[in-house]
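Taking it in order: structure first as structure tokens, then the write-up.
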Amino acid sequence: MKIFVSGGSGMVGRNLISYLRKHTQAEIFAPNSQELNILDYGKTESFIKKIKPDAVIHCAGLVGGIQTNIEKPYSFLFSNTLMGLNLINACVNQRIRKVINLGSSCMYPKDQTSNLKEEDILTGPLEPTNEGYAIAKITVSKLCEYAKREYKLDYKTIIPCNLYGKYDKFDPKKSHMIPAVIRKLHRAKKSKKTATIWGDGDARREFMYVEDLVDFISYALKNYDKIEPITNVGLGCDFTIKEYYDAIAEVVGYTRGFEYDLTKPSGMKRKLCDVTKQKKIGWKPKNSLREGLEKTYQYYLDTYEV
């Protein structure tokens, strides 16, 4: 089996490639952006035509935390839309049978307090702080949906909850919440300073260890016909930002308590994915929050604090 993974140098891509090489006999194609720029449609289709993959997994994307999304909405909308459109259209033209497209929980309407169900997409306004990224992800998921209607190609979109883990970004300007907090609390412990939480700490989030997502992707490849066209993947439970800070503090060994910066945005109040479809096909994540945080902190120490 030949598998093409876009975004092979990103967190999900790198973990996925490692997992597939360890657990399958598949031939993996994962060119970096210098070897294949999927913003270029001609080169993208030529590559797909040349290798003729049995499956394509679209992980590539321009990603970042709240602050970067606020500062660069044009870039997030343009780049993520174009990458997705180019890759999906190339797969349609070459009649690739299996495509797994990675969506994002930011595709859901803002201020929704109930669990996020796949049919809730496009039923309300998006969270303004990451609207550009969300619109791009929705657009590409719709292209996958319409490929079945028009070309009888059954492409899947997986919507993972927030992720963290090995190969995550710890740069405070680019990182998401968990790696940012790991770095912040580790440095606060070393400098004996008090760490600050953005917002009031009451917003709720669902974070899954990245190895669990790649395990699900592998499971989806083997059980492709059982997967719904759009499927949430997550833990099915969430925690407040303050609870994440407390859990990370325990792993890191930070004990000085927290201050709150109420001038900073908290983002959506809650983002908990409904995982009914995931449970229906018999898959569940393997790592607890504590286990995932310990592995991620060790990766941070080994990579950034050597």
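What follows is calculated from the coordinates using simple rules that are stated; it is not laboratory data. This structure is a prediction, so every number in the text was calculated from the model and none was measured. A quick note on method: Cβ atoms are made from the backbone with ideal geometry, for glycine too, and the neighbour counts reach across all protein chains shown.
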Please determine whether any residue of region 249-256 is acidic (Asp, Glu) and closer than 30 Å to ASN101 by Cβ. no
Has region 31-43 got at least one residue that is of a type in the set (Ser, Thr, Tyr) and part of a loop (DSSP other than H, G, I, E, B)? yes
Taking region 262-306 on its own, how many of its residues are over 27 Å from MET107 (Cα atoms) and not hydrophobic (A, V, I, L, M, F, W, C)? 12
If we ask which residues in region 226-283 are touching a Lys or Arg at 6+ places or on another chain (Cβ under 6 Å), of a type in the set (D, E, K, R) and surrounded by fewer than 16 Cβ atoms within 10 Å (Cβ to Cβ), their number turns out to be 1
All but one of (1) acidic (Asp, Glu); (2) within 21 Å of PRO109 (Cα to Cα); (3) touching a strand residue (DSSP E or B) at 6+ places or on another chain (Cβ under 9 Å) hold for GLU131; state the number of the condition that does not hold. (3)
In region 80-98, the residues that are in contact with a Leu (Cβ under 9 Å, 6 or more places away or on another chain) and either among the β-branched types (Val, Ile, Thr) or surrounded by fewer than 19 Cβ atoms within 10 Å (Cβ to Cβ) (or both): LEU82, LEU85, ILE88, ASN89, VAL92, ARG95, ILE96, ARG97
Working only within region 96-133, note down all residues that are part of a loop (DSSP other than H, G, I, E, B) and of a type in the set (A, V, I, L, M, F, W, C). ILE96, ILE121, LEU122, LEU126
Test of understanding: among LYS98, LYS142, which residue is in contact (Cβ under 8 Å) with a residue 60 or more places away in the chain and farther than 22 Å from PHE207 by Cα? LYS98
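One line per residue, one yes/no per condition, for (1) of a type outside the set (Val, Ile, Thr); (2) in contact with a Pro (Cβ under 9 Å, 6 or more places away or on another chain); (3) crowded, with 22+ Cβ neighbours inside 10 Å:
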{"site": "CYS161", "(1), (2), (3)": "yes, no, yes"}
{"site": "TYR164", "(1), (2), (3)": "yes, yes, yes"}
{"site": "LYS174", "(1), (2), (3)": "yes, no, no"}
{"site": "LYS190", "(1), (2), (3)": "yes, no, no"}
{"site": "LYS193", "(1), (2), (3)": "yes, no, no"}
{"site": "TRP198", "(1), (2), (3)": "yes, yes, no"}
Identify the residue in region 270-306 that is acidic (Asp, Glu) and touching a residue at least 12 places away in the same chain (Cβ under 8 Å) and, among all such residues, is farthest from LYS189 (Cα to Cα). ASP274
